[in-house]
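Single-structure report; data block below.
The values are calculated or read from the model by the stated rules, or taken from the named source; none is laboratory data. Just so you know, these numbers come straight off a predicted model, no measurement behind them. Here the Cβ is made from the backbone with ideal geometry for all residues, glycine too, and neighbour counts use every protein chain on show.
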Amino acid sequence: MSRMPTHALFADDKPLFYCFLGLIAWLPLPLASHRPWAWSLMQVAVLLLAIYWCLLWWRNRVSITETSKRAWPALLFLGAWLLYLTIYLVPMPYVLVTALSPMAAQIHAEMYITGKPYWASLSLDRHASWVFFLKSLSYAVLFFLALQLIRDKQRIRLLALVLVYSALFQAVYGSLMTLSGLEYGFFFEKYAYRGVATGTFVNRNHMANYLVLSLAMGIGLMIADLGAEKASSWRQWIRGWVQLLLSPKARLRIILAVLVIGLILTRSRMGNSAFFISMTLSALAALLLSRQLPRSLLILFVSFVVIDTFLLGAYFGVDRVVQRISTTSAATEARDEVNRYSFKLWQDYKIMGSGAGSYYVTFPHYRGHDIRGYYDYAHNDYAQIAGETGLLGLGLLGGFLLSSFWAAMRAQSVRGDPLMKGLSFAVIMSVVALIIHSTVDFSLQIPANAGTFMVILAMGWVALTVSRHRPHKRRKRRRRANSEHATDVEVAVSPQA
C-alpha cells in the first residue's frame, strides 16, 4: 500500500488556496463573525494560513508574486496603518501623551487618584485598542494572501463564485425565514429585525452591504462572459440570445436576481440605494474608460433596472423600501444626532484620536440627552475612524483605499482581457457602494464585511497585473540591455591585440 509523502501538503499552494476560500465562505455564517468567539476563530484561522504560506515560502514552493510587488503602495499604507495602531498599545511618558493628545492626558489625570501618572497611553481603552489591532492585522493578512494566491484566471473565477454562492445562501435563507415567519438567524430565534431578511447576520444593513459586495462580483463575472461581437442580422441576434439562455451565464443571471430579491427584503434604505447608485456610476466609469463597450453590457444594466427593480421589486416590496426612504427625516432619524455628537468627539482628538476601538468609552461623554440607548459604534464609519484614530489614521486608511481604487480604475482603462475588465468593474462598484453605505452605517466594523472588502480590494491589483504581458518598450529595453551585456562579455574574453 503506497503511503502519501509527508511533504505532499507543501508541494504547492493549492491546499492553502482552498483553505483561503473556505475561510471567506465561513466569515458571514457565525453572526457575520461579529462576536468575540467568532472573530477569535477568524484570527486563529488567518494566523494558521499565514504560517502555512510562510512554510511554503521557506521551502521555496512559493515566491512573492508580481501582483504583490505592484501593490507596494497599498502594502505601504497598510503597514504604516498597523504600525500606527501599535502606538495606542504602548505606555509612554505622561509628558509625551500631553503633547500628542492633551484631552487623553487630561482624562488619564482625572482617573488617577493622586497627582498625575508618570506613564499613560494615547488610548482611553488599551484592551479595545488591542482587539482592534488584532482584527486589523487579520484583515491585512487576508489582503496579502489574496495578492499571493489569486494569480490566474481560474482562481479569480473560483473566488468570485465563492462570494456569489455565499451571498446566495444568505439571500435564500434570509428570504425563507422572512416569508415563512420562522425568523431564525444563526441557530437561534431572532430578537431584532423581525419581518426583514437578515440571513445569519444580526443587522439587516450589514447583510445588505454583504449582498451588494457579492452582487458586484457577480456582475463582474457576467461582464467577463459577455460577447463583444455585434450581430449582423436578427437571426444571428436571436441565436445569440438562445445560446445565452442555455449557457451557465443564464444560471448566474438567475442567481443575481435572487440576490437582488434578498437585498430588497432586507428593507435597507442605503443598502438598496448604494447598489443602484454604485452600479450606475461604475457603468459610467466603464463607458468613459473602456475603448470599446459591448452593447450586451448596456443590455445587462438595463435588465437590472427593468427586471430586478420594477418586476421583482414590485412583487417583493421595493415600494416599502422607497417609502422608508421618503419618510426618513431628521426628526425620525437618530443617526444625525449621533453623527453630530461624534463630530464633537473628533474635535477634541483631531490628530491622534482617542484610541482605536475606544468609541464606546468616549461617546457617552459627548452625547446629549436626546440620545437614548447604548452606542458602541457610530452609524458612520468616517466619524468613528476619525474619532478613534484622528486625521492621521483616517489619512492612512484613505491612502490604502484610494491606491487600490486607482489600480482598479487603471485596469478598467488599460486591460483588454474581458475577465480583468469585469473584475475591475466589480472592485470599482464595491468601493463606491461601501463609500456610500459607510456614511450611515458601520459595516467596516463587521468582520465578515471588512474581511470580504479587503479581499475585493486586492482584486483591483490582481485585475491590473495578472496575465498581463510586459509592455513593448520594456521588452525592447531589456533586449537591448542583454545585447550590450553579451557584447561586453565577448570583448572581455577576446584575446588582446
Task: Scope segment 355-398; condition among the hydroxyl-bearing types (Ser, Thr, Tyr), crowded, with 22+ Cβ neighbours inside 10 Å and under 27 Å from the mean Cα position of the chain (by Cα); matching residues - done: Ser358, Tyr359, Thr389
Open item on the list: Against the definition (of a type in the set (Gly, Ala, Ser), buried (at least 18 other Cβ atoms within 10 Å of the Cβ) and in contact (Cβ under 8 Å) with a residue 40 or more places away in the chain), how does Ala80 come out, yes or no?
Closed with: no
- [ ] Would you be able to say whether some residue in segment 165-185 is in contact with a strand residue (DSSP E or B) (Cβ under 8 Å, 6 or more places away or on another chain), of a type in the set (A, V, I, L, M, F, W, C) and either assigned to a helix (DSSP H, G or I) or under 24 Å from Leu256 (Cα atoms) (or both)?
- [x] yes
TODO: Identify the residue in segment 409-429 that is aliphatic (A, V, I, L, M) and more than 13 Å from the chain's Cα centre (by Cα) and, among all such residues, is surrounded by the fewest Cβ atoms within 10 Å (Cβ to Cβ).
DONE: Val414
Open item on the list: Is it the case, given these coordinates, that Ser166 is modelled with pLDDT of 95 or more, within 24 Å of Asn380 (Cα to Cα) and either crowded, with 24+ Cβ neighbours inside 10 Å or touching a helix residue (DSSP H, G or I) at 6+ places or on another chain (Cβ under 9 Å) (or both)?
Closed with: no
- [ ] Output the residues belonging to segment 6-51 that are of a type outside the set (A, V, I, L, M, F, W, C), within 21 Å of the chain's Cα centre (by Cα) and buried (at least 17 other Cβ atoms within 10 Å of the Cβ).
- [x] Pro28, Pro30, Ser33, His34, Gln43
Task: Residue in segment 54-64 that is in contact (Cβ under 8 Å) with a residue 40 or more places away in the chain and either among the small types (Gly, Ala, Ser) or in a helix (DSSP H, G or I) (or both) present - done: yes
Open item on the list: I want to confirm something. Restricting to segment 278-307 and keeping residues that are surrounded by 15 or more Cβ atoms within 10 Å (Cβ to Cβ) and modelled with pLDDT of 85 or more, which single residue is nearest to Gly416 (Cα to Cα)?
Closed with: Ala286
Task: Single residue of Leu161, Leu145, Leu226, Leu221 found to be within 30 Å of Gly422 (Cα to Cα), aliphatic (A, V, I, L, M) and touching a Pro at 6+ places or on another chain (Cβ under 6 Å) - done: Leu226
Task: Residue satisfying all of: in segment 93-145; of a type in the set (Phe, Trp, Tyr) and farther than 19 Å from Gly393 by Cα; surrounded by the fewest Cβ atoms within 10 Å (Cβ to Cβ) among these - done: Tyr118
